[in-house]
Amino acid sequence: MAIGAPGRLDRVDQLRALAMLWMTVFHFCFDLNHFGFMEENFYRDPFWTWQRTAIVSLFLFTAGLSQAIASANGQDWSRFWRRWVQIAAAALLVSFGSWLMFPKTFIYFGVLHGVAVMLVVARITVGWGVWLWPLGALAISVPMWAPMILQPGSALEFLNTRGWNALGFISRKPVTEDYVPLLPWLGVVWWGVAAGQWMLRRRPGWLGAGGKPLGGMGTRLAVLGRWSLSYYLLHQPVMIGLLGVLAWALR
């Protein structure tokens with residue numbers, strides 16, 4: 001660990017845990033809809049689409065914060081790659097599981113796929129400092145130009161096809177259960193890195209540095225935040241399994 005490094009900061013874990021809990025409520029409602037216990041349009045209704053945007057934004061922002069802290073702690077590439085392999089493997093599991101349940105709309109570049117790629121970019125660019133603010137804004141704004149550029153017959157229209165659309169410069173959204181491309185979401189990660197670096201320099205207390213020991217609910221949230229990947233992989237199979245059994249029993 002680097003001299004003066006902040007160590008693990010529980011407030012980042014707590015923030016990640018809040019994103020996970022919000023995501024759980026969202027997914028539970030989605031599963032209720034899937035099994036016919038409620039009727040909602042999760043793909044078009046702003047009430048649900050904006051929630052998804054907020055949840056993904058919070059999750060990716062904390063990923064950026066974590067990269068800023070890891071860099072300050074002097075994390076080497078070998079440790080980075082050990083964690084990265086876990087995320088990449090989890091992304092493949094999500095693809096396989098979603099293919100079993102939704103073969104026509106399975107997840108081929110969802111949040112974990114996006115995180116795996118964006119973490120590598122964040123790691124490479126972590127030293128760019130304040131430039132990450134305007135770069136983040138550019139990454140967030142670039143997809144807005146795509147519909148004007150990718151007109152029918154355009155030489156760049158191939159960017160809408162599967163694989164290339166992982167970049168996020170598209171004029172039509174793919175039909176898939178989860179889609180978190182590099183653009184605009186890399187901008188959120190970059191802002192998380194930039195914000196984390198600023199807070200470590202100016203407001204370390206906001207991240208929990210030098211704070212009082214956690215207790216009660218704060219400790220439980222921090223623990224959940226540390227085990228977020230395992231929780232992410234398990235929460236949907238458990239909820240789908242339980243609701244599937246309930247739907248079968250009520251036939």
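The numbers here are math on the coordinates, done by the rules we state, and not lab data. It should be emphasised that the depicted structure is a prediction, and the values quoted were computed from it without experimental measurement. Every residue, glycine as well, gets a Cβ built from its backbone with ideal geometry; the counts of neighbours run over all protein chains shown.
The ranking of MET217, MET239 from fewest to most other beta carbons within 10 Å of each one's beta carbon is MET217, MET239. Subtracting the Cα-Cα distance of LEU250 and MET101 from their residue separation scaled by 0.36 nm leaves 51.6 nm.
Averaging the sequence gap over all C-alpha pairs within less than 8 Å and six or more residues apart, then dividing by the number of residues, gives the chain a relative contact order of 32 percent. Among LEU138, LEU15, what is the fewest-to-most ranking by other Cβ atoms within 10 Å? By the 10 Å Cβ count, ascending: LEU138, LEU15. The label-point distance for LEU92 and SER141, in a model that sets each label 7 Å from Cα toward Cβ, rounds to 4.0 nm. Charge dipole (Cα centre; +1 on Lys/Arg Cβ, -1 on Asp/Glu Cβ; no other charges) of the chain amounts to roughly 660 debye. Quick one: compute the contact order of region 123-207, relative version, from alpha carbon pairs under 8 angstrom and 6+ residues apart, as a percent. Taking the mean separation of contacting Cα pairs over the length of region 123-207, I get 37 percent. Among the DSSP helices (H) of the chain, those spanning at least 18 angstrom by Cα along their long axis with an average Kyte-Doolittle hydropathy of 1.6 or more are 111-125; this is a geometric and hydropathy rule only. Sorting 73-80, 189-196, 92-99 by average packing, meaning the other beta carbons within 10 Å per residue, from highest down gives 189-196, 92-99, 73-80. The candidate values were (1) 51, 39, 30; (2) 64, 54, 34; (3) 59, 52, 33; the one computed from these coordinates for Cα extents along the principal axes in Å carries the label (3).
Electrostatic bookkeeping for PRO181 treats Lys and Arg as +1 and Asp and Glu as -1; over the other residues with beta carbon under 13 Å from its beta carbon, the sum is +2.
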